[in-house]
Every structure is written in C-alpha cells, then in structure tokens.
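Chemist: If you scroll down you'll find the structure; I have some questions about it.
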Amino acid sequence: MTLPNKIALGFLLLSALALVGFFVASNANDATEREDLAASAQVLRENSHRLSSPEDEKAVLVEFLDFECESCGAVYPFVEELRAEYGDQVSFVSRYFPLPGHPNSMTAAVAVEAAAQQGEFEAMYQRMFETQTEWSHSDQPQAPTFRSYADSLGLDMEAYDTAVADPATQARVMLDKMDGTGLGVSGTPTFFLDGELIEPATQEEFRQLIEAAISS
C-alpha cells in the first residue's frame, strides 16, 4: 500500500472511530436525560389544570393529552360523561402532551394555556376538541383559528396575544410534556388513576377502575 493510501485509510479509521464515539456519547446523554426526567417526573403538580375539584375528593384521574390527537378527540365525550358521573368525587386533571407528528399540537396547547391564564382553561379545552376535525392535521398554521376561539370566548385579546408570544407559556406546556416523558408516556391519551398508569380495554372497565378507586 502506498503512503498516500495509508494516510487516507488512517483518516477513514479515525473518522469511523469518531463517529462511533459520537453515537456512544449521544446514547449515554439520552439515557442520562431519561433518568433525570424519570427522577423528577410527577403525575400531578400543584399547577396542573383541574376540570373538577370536589371537596370530598376520593380519587384523581390524570389524562396526558394532545388536542390534535384523534384518539383524544374520540375519548373526549366519554371523559365528559365520566366527569358528569364522578365529578363530585373524582378530580379530573388534564395535562399537555403535544406529539411531534401533529403539526398544530403545540400551537393548540399554547393557545389553551394562554386561555388558562385568564381562567378559561376548560372552555378552550372543550372548544379544541369540539372543533378538532375542522383544524387538525392541516398544513396551514392554525394560530389564527385558535385566536378566533379565544375572541369568541370573550378573552382579553391583548393579554392572550402576549401570553401566546411569551416563551414562558410554551415552557408551561413543556413542563407537562417532560413529566409525561419521565413517567413513560409515549402516546395519547394516557391515563393515571391515583398515580398509577391504567390501560382499560373498555369503557365499562374504565368505570370499574374508577368505582374501585373511590370505594377504597
């Protein structure tokens, strides 16, 4: 092998070793980040958004959701039914978990959080799901649509616009997302009942789990 070829081969080997080292370091960093998230993750925080807060609380149901998620939209009417049935005994809590594959999910979550800052979380939460088929999975930015929802709810639009533009609003959304990630949430909707992950196969099983929780 000629000297130039040996030098070229040496550079290739060094590049390959550097690439391997990069992936090893990257995987190690990812593992450390996951461990850190898991260590600090909480199913429920003091600032989590509650759809019901009964005085005689017997159980807490937490849902990690994405407003653009079709499954979340499909389960929304059932969650509303459960609220009507058990809202006087169960705290229903909604937490943001916008998924990267949904182009409007973060924008929707930020819009809901901006409304929440004016005490209108529930109204905006409901509006998002009630109109989901009209705006979801669109290639066009939906911020103007969400702003029109805020306006129709009678929000202070100057305050709403300020909140939407404030990085702290998205950071509040990401607090929920990081908690969910640390808890092992990978898709939506994901439910925790009294701090434990539940995966009921049917609506009847869901009700049975709630009944068991409030009876314990």
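The values are calculated or read from the model by the stated rules, or taken from the named source; none is laboratory data. All values reported here derive from a predicted model rather than from experimental measurement. A quick note on method: Cβ atoms are made from the backbone with ideal geometry, for glycine too, and the neighbour counts reach across all protein chains shown. The protein model used for the area step is the full one, side chains on, heavy atoms only, and it has no ligands, DNA or RNA in it. Shrake-Rupley method; radii C 1.70, N 1.55, O 1.52, S 1.80 Å.
Chemist: Using only Cα atoms, locate the centre of the range 149-204 and the centre of the range 42-60, then give the distance between them in Å, rounded to an integer.
Modeler: Distance between centres, Cα-based: 14 Å.
Chemist: Next question, about the same structure. Could you put Glu130, Glu63, Glu211 in order of accessible surface area, largest first, with the 1.4 Å probe and the full protein assembly present?
Modeler: Working: Glu130 115, Glu63 10, Glu211 80 Å².
My answer, sorted largest first, is Glu130, Glu211, Glu63.
Chemist: Right, something else. Hey, what did the range 78-216 get for relative contact order, percent, Cα under 8 Å, at least 6 apart? Write down the numbers at each step before the final one.
Modeler: Numbers: 94 pairs, mean separation 37.9, N = 139.
RCO, the range 78-216: 27 percent.
Chemist: While we're on this one: Rg (Å, one decimal) plus Dmax (Å, integer) for the alpha carbons of the range 124-177?
Modeler: Spelled out, the Cα radius of gyration and Dmax of the range 124-177 are 12.0, 28 Å.
Chemist: Obtain the nm distance between the two label points defined at Asp88 and Ala201 by a simple spin-label model: each point lies 7 Å from its Cα along the Cα-to-C-beta direction.
Modeler: So the label points at Asp88 and Ala201 sit 3.4 nm apart.
Chemist: Pop the C-beta distance of Glu211 and Asn47 into the FRET formula with R0 = 30 Å and round what comes out to the nearest 0.05.
Modeler: Details: r = 29 Å, r/R0 = 0.97.
For Glu211 and Asn47, the calculated efficiency is 0.55.
Chemist: Where only protein heavy atoms count, and the probe is 1.4 Å, what is the accessible area per residue for the range 80-159 in Å²?
Modeler: Details: 3500 Å² over 80 residues.
Accessible surface, normalised per residue, equals 44 Å².
Chemist: May I pose another question? If we sort 154-165, 82-93 on the protection proxy, mean other Cβ atoms within 10 Å, highest first, what's the order? Before the final figure, lay out each step's value.
Modeler: Numbers: 154-165: 14.8, 82-93: 17.2.
Descending mean neighbour count gives 82-93, 154-165.
Chemist: Sort 102-115, 45-58, 136-149 by the packing proxy (mean of other Cβ within 10 Å over each peptide's residues), most packed first. Numbers along the way, then the final one.
Modeler: Working: 102-115: 23.4, 45-58: 13.1, 136-149: 14.9.
Averaged packing, sorted descending, gives the order 102-115, 136-149, 45-58.
Chemist: Set the Förster radius R0 to 22 Å, insert the Cβ-Cβ distance between Glu57 and Asp36 as r into 1/(1 + (r/R0)^6), and round the FRET efficiency to 0.05. Can you show the working numbers first?
Modeler: Values: r = 31 Å, r/R0 = 1.40.
Rounded to the nearest 0.05, the efficiency is 0.10.
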